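Student: I have a structure here, written as structure tokens, and I will follow up with some questions on it.
What follows is calculated from the coordinates using simple rules that are stated; it is not laboratory data. Because the structure is a prediction, the values reported are computed rather than measured. FYI the Cβ positions are ideal-geometry reconstructions off the backbone, even for glycines, and counts take in every protein chain you see.
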Amino acid sequence: MYIWPLFKTQAMLKTITGFSKFTKEEKINWLSEAFLENKKDAISILEQYWNSNKKLQQLHDEFIENTISNFYLPYAIAPNFIINGKPYVIPMAVEESSVVAAAALVAKFWEERGGFTAKVVATTKIGHVHFIYQGDFAALKAYFNTIKSKLIETTESITKNMRKRGGGILEIELKNKTNQLENYYQLEVTFETVDSMGANFINSCLETIANTFKESQSLEIEVVMSILSNYVPECLVRAEVSCKVEDFSANNAEEQVRKFKQAIQIANVERYRAVTHNKGIMNGIDAVVIATGNDFRAVEAGAHAYASRTGQYKSLTNCSISDGVFKFWIEIPLALGTVGGLTKLHPLAKLSLDILEHPTAKELMQIVAVAGLAQNFAALKALTTTGIQHGHMKMHLQNILNQLSASTAEKIEITSYFGDKQVSHNAVAEVLKKLRT
């Protein structure tokens, strides 16, 4: 048992200095003393999620600061995906009921109809040096033109390895943004990072470029910041499925396809629907992005910005019906990597890439886009036929039973009981109550 030094007041107990230098046990002890009523249970919960493999636990501890435990997500696989004629099993890390089941169901549906096709449209990424300049624009432009080649040269030590792999800096442009903000300009730098997501690489290049650019002897240039953009409309992938309308469903195929298309049309004009529509797409995309050790927050931000590119927030997916053929596709920006970062550090991220048979960044973009398209297809097909809750609540049943502390025998009996009935928390609680009495 760790003994923590006494504090003069309760308020002082809730603030700390030098916390990052404490051991993990000391951090937990301070947390439990200062903020938690049931200290023993809290410590037990935190410790039971430590990995018994000390080397592996240390690896996790060093990913971020002030680590006190691990927060697990279920790690699953969705089989039967056919992408560009190649079979895949897609790893997914997600906590939401029905996401993996829906993906697997849709994969099987389209496997019987030729599978998915996908292609990468573009792979370039952008970063900016944001700066303030109050002088004559012509002078600034002349200065930029004389120093442009030097700006690239100053990054050569950083870009050397990237250039060997076929990447590096593609272009630097001076952007005049004074019509949007007084005295505001940018250096817009375009990058190719090949199989790396490239955030650290891009930011290092930008800061080096900024330091060289602001050294002008005749112009007063104030650099505000240098940072990559997670909006990557030129790092774009498209995934698609198609089939004859008659093959869409055994019953009422034409009506189902018509309503499916109407659902997307609604998402293109009604932002309340579009946000939920796109959230469902991200259920599939985020699950694969997390499983492969990529940055799901960057992907989310870029995707939603792309959905707003016309000034109206719209669906990321689209649909057409022409000459008796149903076509459904997604076009989405995805900045992903298969080297660097957690992709090589996290054992499960490495395993995910092994399961996917060591894809390039372009191949991973295609796989992730397909996962998003599959998720959206499952949601729209359910919404326009049986309703979303029918399948979702069936999957959520086990979570409800766990919340109600049902035994194994009770779970089996209640799962069987709800096989042809609508699931709700109250309904499950009532059945469980009757079963117990």
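Student: Determine the relative contact order of the chain: mean sequence separation of Cα pairs under 8 Å and six or more apart, normalised by residue count, in whole percent.
Tutor: On the way: 678 pairs, mean separation 72.8, N = 437.
Relative contact order of the chain: 17 percent.
Student: Sticking with this one: Pick out which of Met162, Met282, Met225 has the largest mean-square fluctuation in a Gaussian network model of the chain, springs linking Cα atoms closer than 10 Å.
Tutor: Highest fluctuation among the options: Met225.
Student: Same structure, new question: What is the set of long-range amide H partners of Ile90 at a cut-off below 5 Å, with H atoms built 1.01 Å from backbone N?
Tutor: For Ile90, the qualifying residues are Ala78, Phe81.
Student: May I ask you to list, by number, the DSSP H helices of the chain whose Cα span along the axis is at least 20 Å and whose average Kyte-Doolittle hydropathy reaches -1.0 or more?
Tutor: Numbers: long enough: 137-153 (24 Å, 0.36); 199-213 (21 Å, 0.55); 253-269 (25 Å, -0.45); 271-291 (29 Å, 0.19); 361-383 (33 Å, 1.01); 388-403 (22 Å, -0.69).
Answer set is 137-153, 199-213, 253-269, 271-291, 361-383, 388-403.
Student: With Rg/Rh (Cα atoms, Kirkwood Rh) in mind, check (i) 1.04; (ii) 1.01; (iii) 0.96 and report the label derived from this structure.
Tutor: Computing Rg/Rh (Cα atoms, Kirkwood Rh) and matching it to (i) 1.04; (ii) 1.01; (iii) 0.96 gives (i).
Student: If you place +1 on the Cβ of every Lys and Arg, -1 on the Cβ of every Asp and Glu, and leave all else neutral, what size is the dipole of the chain about its Cα centre, to the nearest 20 Debye?
Tutor: Details: 46 positive and 45 negative charges, 92 e Å.
In debye, rounded to 20, the chain gives about 440.
Student: Here's something else I'd like to know. How big is the dipole moment of region 240-385 about its Cα centre under a simple scheme where the beta carbon of each Lys and Arg is +1, that of each Asp and Glu is -1, and everything else is neutral? Debye, nearest 20, please. The partial results should precede the final answer.
Tutor: Details: 15 positive and 14 negative charges, 88 e Å.
With only Lys, Arg, Asp and Glu charged at Cβ, the dipole is about 420 debye.
Student: A further question follows. Region 256-358: which trypsin sites (Lys or Arg not before Pro) are DSSP loop and have at most 14 other beta-carbon atoms within 10 angstrom? Show your work: numbers first, answer last.
Tutor: Numbers: sites: Arg258, Lys259, Lys261, Arg271, Arg273, Lys279, Arg297, Arg309, Lys314, Lys327, Lys344, Lys350; in loops: Arg309, Lys314.
Passing sites in region 256-358 are Arg309.
Student: Something else about it: Once phi is turned into θ = phi - 60°, what whole-Hz ³J(HN,Hα) does the Karplus curve with 6.51, -1.76 and 1.60 give for every residue of region 120-133, x standing for Gly and Pro?
Tutor: For region 120-133, the Karplus-derived couplings read 8, 7, 7, 9, 7, 10, 10, x, 9, 9, 8, 9, 10, 9 Hz, x marking Gly and Pro.
Student: Nearest 500 deg cm²/dmol is fine: what mean residue ellipticity at 222 nm does the chain get from its DSSP H runs of n ≥ 4 alone, each adding -39,500 (n - 2.57), divided by its residue count? Please report the intermediate quantities before stating the final value.
Tutor: Working: 17 runs with 212 residues, N = 437.
The per-residue figure over the chain is -15000 deg cm²/dmol.
Student: Which residue fluctuates most in the GNM of the chain (Cα springs below 10 Å): Gly168, Gly114, Gly293?
Tutor: Looking only at Gly168, Gly114, Gly293, the largest GNM fluctuation is found for Gly114.
Student: What order, most packed first, do the peptides 355-365, 425-435 have when packing is the mean number of other Cβ atoms within 10 Å of each residue? Walk me through the numbers on the way to the answer.
Tutor: On the way: 355-365: 18.5, 425-435: 14.1.
Per-residue mean Cβ counts within 10 Å order the peptides as 355-365, 425-435.
Student: Using the crude model of +1 on Lys and Arg Cβ and -1 on Asp and Glu Cβ, and no other charge, please compute the dipole size for region 10-61 relative to its Cα centre, in debye to 20.
Tutor: Working: 8 positive and 7 negative charges, 37 e Å.
For this selection, approximately 180 debye.
Student: Hey, what did region 47-133 get for relative contact order, percent, Cα under 8 Å, at least 6 apart?
Tutor: On the way: 85 pairs, mean separation 20.4, N = 87.
Here the relative contact order equals 23 percent.
Student: If you build a Gaussian network model of the chain, linking Cα atoms that sit under 10 Å apart, which residue out of Ile45, Ile83, Ile281 swings the most?
Tutor: Most flexible of the set in this elastic network: Ile45.
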